[in-house]
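Enquirer: Submitted below is the structure of interest, expressed as structure tokens.
All of the numbers you see were taken from the coordinates with simple rules; none came from a lab. Owing to the predicted nature of the structure, the values given are computational and were not obtained by experimental measurement. FYI the Cβ positions are ideal-geometry reconstructions off the backbone, even for glycines, and counts take in every protein chain you see.
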Number of protein chains: 2
Amino acid sequence: MGRWEPGAKDRLREAALALYLEHGFEQTMAADIAERAGVTVRTFFRHFADKREVLFDESSELLEKSLATLDAALPTVSTLDAVAAALDTAAGMIGSDRELAQKRHTVIMADANLRERELIKQAYMSAALADGLRRRGIGDAEASLASETGLAVFRVAFQRWVDATEDLDLRDAMRQSFAQLRSLTASS
Amino acid sequence: MGRWEPGAKDRLREAALALYLEHGFEQTMAADIAERAGVTVRTFFRHFADKREVLFDESSELLEKSLATLDAALPTVSTLDAVAAALDTAAGMIGSDRELAQKRHTVIMADANLRERELIKQAYMSAALADGLRRRGIGDAEASLASETGLAVFRVAFQRWVDATEDLDLRDAMRQSFAQLRSLTASS
């Protein structure tokens, strides 16, 4: 990097989210974001491939760390608990900044293309978790079922968390949703 | 309709799937489909809004009938069983023609835009089922969790069904997946 720009990436992300919320994602250009963040457009593109990546650039790290948790789970851990552990890692990362997550979520929900992108990322995460379970020797159908179910729980917990008016931890919200799933299946 | 064209819609659907599989979805035009089906292009557009709708035109009927089942479920039926009943209706409709479902699935999986479209339809179905549960007086989080979980079960059962080399009924596959979900949650 040419100049030392402490926190440029975070400033760019904050500026981008503010502009997406104010003017809409489509109407905001990389140059607007750079200007708001007080950096050059070149600096923007040094940190993000494009304006969409400001919203999705952390998903590969999220997936990587979640998979590492899954792989590290003891063989004695049940299939669904292994998935829950992996998603707990994801929840810990996403949950560290609720305001940012809320803004990001609002921006994504307001744009059909971004919503599609988010769905694809989740489907990709589910497939990767299922692969991870297969590496643990779990059968094909059980692996898919556990990962799809885990993602379902995650989506519901996440929605509850971003909507919550009271103090709520995303990891707690997820644990509650997993408990609710157990009671749903037990009573059916 | 101008002329009486018995089975034109079914012939168009069959011709479209065959062409999508042979040449790819992108490369196939409405005129090619009409020609293969032995009808005019005008007839094609009388039955389908565009070539993509050949793959997705039945989803609104599917949703409507599934919701009718959900609404008809007795109040004593558990939340997840109500979802299972709704999805059983969907499975009965989709499951009536496995060869067609397999072809459709192959075509969709081969095209990124179609895969996205399919994900969106499923997300829409999940949201509609959750709304249906709320109409039954089910709480917000429980409604979302049950519908998302139901769709997860459905996806896994559907995949198992289209991949199956042996004789398998989609409704049975779904019942098996629901049973597997119960055992997954019981052991976690």
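Enquirer: Any idea what angle helix B:98-109 forms with the longest principal axis of chain B, computed on alpha-carbon atoms, 0 to 90 degrees, nearest 10?
Expert: For helix B:98-109, the angle is close to 90 degrees.
Enquirer: At 37 °C and 0.692 mPa s, grab the translational diffusion coefficient of the stretch A:58-186 from Stokes-Einstein with a Kirkwood Rh over Cα pairs, rounded to a whole number in µm² per second.
Expert: Numbers: Rh = 15.0 Å.
This corresponds to a translational diffusion coefficient of 219 µm²/s.
Enquirer: Partner chain Cβ atoms within 10 Å, averaged over the residues of A:70-83 - can you pull that number for me?
Expert: Average neighbour count from other chains, rounded to a whole number: 2.
Enquirer: Compute the label-point distances linking A:D131 to its equivalents in the other copies; points lie 7 Å from Cα along Cα→Cβ; give nm, one decimal, shortest first.
Expert: 3.6
Enquirer: Still on this structure, I have one more. Charges on Cβ only, +1 for Lys and Arg, -1 for Asp and Glu, centred on the Cα centroid of the stretch A:145-188; of A:Q159, A:L184, A:L170, which one is farthest towards the dipole's positive end?
Expert: Sorting the options by dipole projection puts first A:L184.
Enquirer: If the label for A:E26 sits 7 angstrom from Cα along the Cα-to-Cβ line, what are its distances to the same label in every other copy, in nm to one decimal, shortest first?
Expert: From this label point to the equivalent ones elsewhere in the assembly: 2.3 nm.
Enquirer: Could you list the square roots of 5 times each eigenvalue of the Cα gyration tensor of the stretch A:8-54, that is, the equivalent ellipsoid semi-axes, sorted largest first and rounded to whole Å?
Expert: Output for the stretch A:8-54: semi-axes of 15, 10, 9 Å.
Enquirer: To two decimal places, what compactness ratio does the protein assembly as shown give when its Cα radius of gyration is scaled by 2.2 N^0.38 Å?
Expert: Taking the Cα Rg and dividing by 2.2 N^0.38 Å, one obtains 1.09.
Enquirer: In addition: Defining a contact as two alpha carbons under 8 Å apart and six or more residues distant in sequence, what relative contact order in percent does the stretch B:8-54 show?
Expert: It rounds to 40 percent for the stretch B:8-54.
Enquirer: Sticking with this structure for a sec: Explain nothing, just compute: Karplus ³J(HN,Hα) = 6.51 cos²θ - 1.76 cosθ + 1.60, θ = phi - 60°, for every residue of the stretch A:84-90 in order, whole Hz, x for Gly and Pro.
Expert: Residue by residue, the stretch A:84-90 yields 4, 5, 4, 6, 5, 4, 4 Hz.
Enquirer: I'd like the FRET efficiency for A:D57 and A:A179, computed as 1/(1 + (r/R0)^6) with the beta carbon distance as r and R0 of 30 Å, rounded to 0.05.
Expert: Approximately 0.40, to the nearest 0.05.
Enquirer: A further question on this structure: For the stretch B:39-56, what does the Karplus curve 6.51 cos²θ - 1.76 cosθ + 1.60, with θ = phi - 60°, yield as ³J(HN,Hα) per residue in whole Hz, taken in order and with x for Gly and Pro?
Expert: 10, 7, 4, 4, 5, 3, 6, 6, 9, 9, 5, 7, 5, 6, 5, 4, 8, 10
Enquirer: Of B:A146, A:T43, A:T79, whose Cα points farthest to the positive end of the dipole of the protein assembly as shown (charges on the beta-carbon: +1 Lys, Arg; -1 Asp, Glu; origin at the Cα centre)?
Expert: Of the listed residues, the answer is A:T43.
Enquirer: To continue, here is another question. Using a simple charge model, +1 on the beta-carbon of Lys and Arg, -1 on the beta-carbon of Asp and Glu, nothing else, what dipole does the protein assembly as shown show about its Cα centre, in debye to the nearest 20?
Expert: Computed charge dipole of the protein assembly as shown: roughly 180 debye.
Enquirer: Follow-up question, since we're still on this one. Counting only other residues whose beta carbon sits under 14 Å from that of B:R117, what net charge do I get with K and R as +1, D and E as -1?
Expert: Counting the neighbours of B:R117, the net charge comes to -2.
Enquirer: Report, in listed order, any pair from A:K65/B:K103; A:K51/B:K103; B:K65/B:K121; A:K9/A:K121 with a Cα-Cα distance greater than 25 Å.
Expert: A:K65/B:K103; A:K51/B:K103
Enquirer: Suppose you put the label 7 Å out from Cα in the Cβ direction; list, shortest first and in nm with one decimal, how far B:R52 is from each other copy's label.
Expert: Going from nearest to farthest copy, the values are 1.4 nm.
Enquirer: A further question follows. Quick one: what are the phi-derived ³J(HN,Hα) couplings along the stretch B:9-26, Karplus 6.51/-1.76/1.60 with θ = phi - 60°, whole Hz, x for glycine and proline?
Expert: Using θ = phi - 60°, the values come out as 5, 5, 5, 5, 5, 5, 4, 4, 4, 4, 5, 4, 6, 6, 10, x, 5, 4 Hz.
Enquirer: Continuing with this model, one more query. Ignoring everything except DSSP H segments at least 4 long, calculate the 222 nm mean residue ellipticity for chain B; use -39,500 (n - 2.57) per segment, divide by total residues, nearest 500.
Expert: Computed mean residue ellipticity for chain B: -24500 deg cm²/dmol.
Enquirer: Can you sort A:I108, B:I33 by how many other beta carbons sit within 10 Å, fewest first?
Expert: A:I108, B:I33
Enquirer: Within a 10 angstrom radius of each residue's Cβ in B:115-125, how many Cβ atoms of other chains show up on average? Whole number is fine. Numbers along the way, then the final one.
Expert: Details: counts 4, 7, 1, 2, 7, 5, 0, 2, 6, 0, 0.
So the per-residue partner count for this stretch is 3.
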